[in-house]
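To start, the structure itself, in structure tokens.
Derivation of every value follows stated rules applied to the coordinates shown; laboratory data play no part. Bear in mind that the values here come from a model prediction, so they are computed numbers and not experimental data. Heads up, the Cβs are rebuilt from the backbone with ideal geometry, glycines too, and the neighbour counts pull from every protein chain shown.
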Amino acid sequence: MAAEADSPRAPFGRRACEVADSRESGGYRIFTLIDAEGPAPAAGQFYMLAAAPDWAGEGGRPYLPRAISYARVTENPKGGVRLDFLIDEVGPGTSRLARMKQGDECFVAGPFGNRFSLPRQLNEGAAGAILVGGGIGIAPMAVLRRELVNRGIPSRSLLGFRDQAHSGGVDELFGCEETRLAFEDGSYGHKGFVTDLLLQLLEGDDSGSAAIYSCGPPAMLEAVRRICADRGLPVELALESPMACGYGACFGCAVPKAEGGYMRLCVDGPVVRGDQIATAMAGEPAVG
Amino acid sequence: MAEGTADTSDLSTDLCGIELAGPVLNGSGTFDAIAARRVFGDEVVSGFPFDCYVSKTITMNPRPGNAPYRLWETPSGMINSIGLPGPGLDGFLERDLVQLAEFDVPLIVSVMADRVEDFEILVNRVAEREEVAGIELNVSCPNVHSGLIVGEQPSETEALMKALRPLTAKPLIVKLTPNVANPHEVAMAAESGGADSVSMINTVKAAAIDPVSTRTWLGAGAGGLSGPAVRPIALAQVRSVASAVSVPVIGMGGITDAESALEFILAGARVIAVGTENFRDPRAGALVSEGLPAALARRGFASLAEAQSVTLD
């Protein structure tokens, strides 16, 4: 499994965190939680989130907390950390989270899961990193990019979106020169898939110098996984899966392993090497 | 014993001879204590959220579990189709049991098999381990010989109990399925076969249809419903069973807090188990325990024992 030893440990139990801010970002929303008790998370980790009021309210949904990767962490002046989350409203849970206002409370458990390896850990000869993000999957890529910048490791970011209504966070979370965009509808940047950009980049690159990281929808991740497998390139993927608990209790987040059987994505991931899994397509998060 | 309880802050009780510091268990398969310790650290040991730990169901051989998808959220609940992934009997005894013994609460091991011969091996080998306080029999599985789900048939349940009863003096608990018209008949058969306790309810048979692909959503085609959505069903069945048998009932089904736990005690459960709520809050069991003294006092009970002895009209 990807590096886990230095992943920060979650406090036992869920805690109520204050919503410091919620704002539109393109077609997405970014909200900020003040986690006064939690540790600083590591790139790749995720949280289980549930708005404190009106969760399992009218209609009984959303009921389960939602597994969401954080998009940015900063120090909170009064202790703990401030966490940004990037949200696309795709179901009752994400819609409820998107409706939270400043001053509301949100139940938080985590940070859970493992972290991304550094490029040299993933690929001994790596001179830098290529980050491939799709949709809200750009969030963990933004976290990783920031960490690489802090460590002085060069990276290039390739970000793909369906259309303008399903995009956001780029300026706020990336906003750098080394970012290339693809829109499936051609409304901006490259017209097509972000994997087109990855293929272009790999053609012009010394493939041996690339450590590749990716997060996005299952079909995109599977395409990235195959591109890398075909070229013998090491890649780490941050996967998503329907998940009830986040800490190994529910056994819901099964991802098929390359050697057969299943891993629990919450405790054995969410970051996996491309060659650890049989497919990235198993975990369409249809609970929204 | 509970009769000595002087106030609502003393929650100590017993379950067929197993002394418990309180009445809160976990439902089998809803809290992986080993994984939780790996995630949260030793706080899971020092602040273990249950008074008694029930393991996930152990089978003879290792099982990978069902193909994804395994979960579906429903109004006030969820459907699961996990498929009992696990290390098998040998793996459990060699690795998991040693780690589970480090949690300072009595341990009940859940076992399942599809033939009585395998049930006998499971019970024999689990019961001989001193770390184990009791065994729960998961009977929601077809008998390969008869093709019938054991827990849906009073005769099958009684026959299984009669085969297993002579094997151990440790408490044997039968986990009852709610997917029968008259659960008290199965409970009475379990008691007649020598069961020391019954636990209920297991999940309610349920299906989910994917609105996009118009196929069934779960990998196994269907699964079991749990969470507050099933609580009224569970309460009715606990009440029916508790009035029909004299062995203690472990009540569960959508318990989220001390108030809903107390509803099960009043329905006739001696102790209760928290299941799906553990997914929403890893400390859910501890919050139930912490809330119970006040919940008992609010309803005018002087002690847990008094609430346990209530007979509803």
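Counting only Cβ charges, +1 for Lys and Arg and -1 for Asp and Glu, the dipole size of chain A around its Cα centre is about 460 debye. Principal-axis analysis of the Cα atoms of chain A puts helix A:218-231 at an angle of about 30° to the longest axis.
Beta bridges assigned by DSSP with both partners in chain A are antiparallel in approximately 60 percent of cases. Shown here for the stretch A:41-142: trypsin sites (Lys or Arg not before Pro) in loop regions (DSSP other than H, G, I, E, B) with at most 16 other Cβ atoms within 10 Å, namely A:LYS78, A:ARG99, A:LYS101. Among A:SER157, B:SER76, B:SER12, B:SER46, a tally of other beta-carbon atoms within 10 Å of each Cβ gives an order, fewest to most, of B:SER46, B:SER12, B:SER76, A:SER157.
In order along the stretch B:205-222, phi translates into HN-Hα couplings of 3, 8, 9, 10, 10, 6, x, 8, 8, 6, 10, 5, 7, 6, x, 8, x, 7 Hz, rounded to whole numbers, per the Karplus curve 6.51 cos²θ - 1.76 cosθ + 1.60 with θ = phi - 60° and x for Gly and Pro. Seen against the Cα atoms of chain A and their longest principal axis, helix A:138-150 is set at about 70 degrees. In terms of surrounding Cβ atoms within a 10 Å radius of their Cβ, B:GLU158, B:GLU73 rank from fewest to most as B:GLU158, B:GLU73.
Loop-located GluC sites (Glu not before Pro) in the stretch A:178-275 (DSSP state not H, G, I, E or B) with no more than 12 neighbouring Cβ atoms inside 10 Å: A:GLU259. Report for chain B the percent antiparallel among DSSP-assigned beta bridges with both residues inside it, nearest 5. Looking only at bridges with both residues in chain B, the antiparallel portion is about 40 percent.
Can you tell me what share of the DSSP beta bridges in the protein assembly as shown is antiparallel? A percent to the nearest 5 is fine. Looking only at bridges with both residues in the protein assembly as shown, the antiparallel portion is about 55 percent.
Rounded to the nearest 20 debye, the dipole magnitude of the protein assembly as shown is 800 debye, with +1 charges on Lys and Arg beta carbons, -1 on Asp and Glu beta carbons, and the Cα centre as origin.
For A:SER157, the residues 5 or more places off, or on other chains, whose built amide H falls under 5 Å of its own are A:LEU131, A:THR179, A:ARG180.
Taking the charge dipole of the protein assembly as shown about its Cα centre, with +1 at Lys and Arg Cβ atoms and -1 at Asp and Glu Cβ atoms, the residue from B:CYS141, A:ALA229, B:GLY223 reaching farthest to the positive side is A:ALA229. About the centre of its Cα atoms, the stretch A:27-149 shows a dipole size close to 200 debye [charges on the beta carbon of Lys, Arg (+1) and Asp, Glu (-1) only; nearest 20 debye]. Evaluating 6.51 cos²θ - 1.76 cosθ + 1.60 at θ = phi - 60° for every residue in the stretch A:186-200, the Karplus couplings come out as x, 6, 6, x, 5, 8, x, 8, 5, 5, 4, 5, 5, 4, 4 Hz, glycine and proline recorded as x.
3J(HN,Hα) along the stretch A:272-277: 10, 6, x, 8, 7, 10 Hz, from the Karplus curve 6.51 cos²θ - 1.76 cosθ + 1.60 with θ = phi - 60°, whole Hz, x for Gly and Pro. Pairs spanning more than 23 Å between alpha-carbon atoms, out of A:LYS257/B:LYS175; A:LYS78/A:LYS101; B:LYS162/B:LYS205: A:LYS257/B:LYS175; B:LYS162/B:LYS205. Other residues lying with their Cβ under 13 Å from the Cβ of B:ASP257 contribute a combined charge of -1, Lys and Arg counting +1, Asp and Glu -1.
Extending 7 Å from the Cα toward the beta-carbon at both A:GLU105 and A:LEU199 defines two label points whose distance is 5.2 nm. For the stretch B:215-313, the set of trypsin sites (Lys or Arg not before Pro) satisfying both a DSSP loop assignment and a count of at most 10 other C-beta atoms within 10 Å is given as B:ARG215. Taking amide H positions as modeled 1.01 Å from N, with prolines and chain starts lacking one, the residues under 5 Å from A:ALA52 and 5 or more places away or on another chain are A:GLU105, A:CYS106, A:PHE107.
Using a simple spin-label model with pseudo-atoms 7 Å out from Cα toward Cβ, B:ARG95 and B:ALA169 lie 3.4 nm apart. From least to most packed, judged by other beta carbons within 10 angstrom and beginning with the fewest, B:LEU15, A:LEU122 follow the order A:LEU122, B:LEU15. Amide H contacts of A:LYS257: A:TYR262, A:MET263, A:ALA278, each under 5 Å away and 5 or more positions distant or on a separate chain (H built 1.01 Å from N in the peptide plane; Pro and chain starts excluded). Can you bin the stretch A:90-228 into rounded, prolate or oblate? Criterion: square roots of the alpha carbon gyration tensor eigenvalues sorted a ≥ b ≥ c, rounded for a/c under 1.5, prolate for a/b above b/c, oblate for the rest. The shape class here is oblate.
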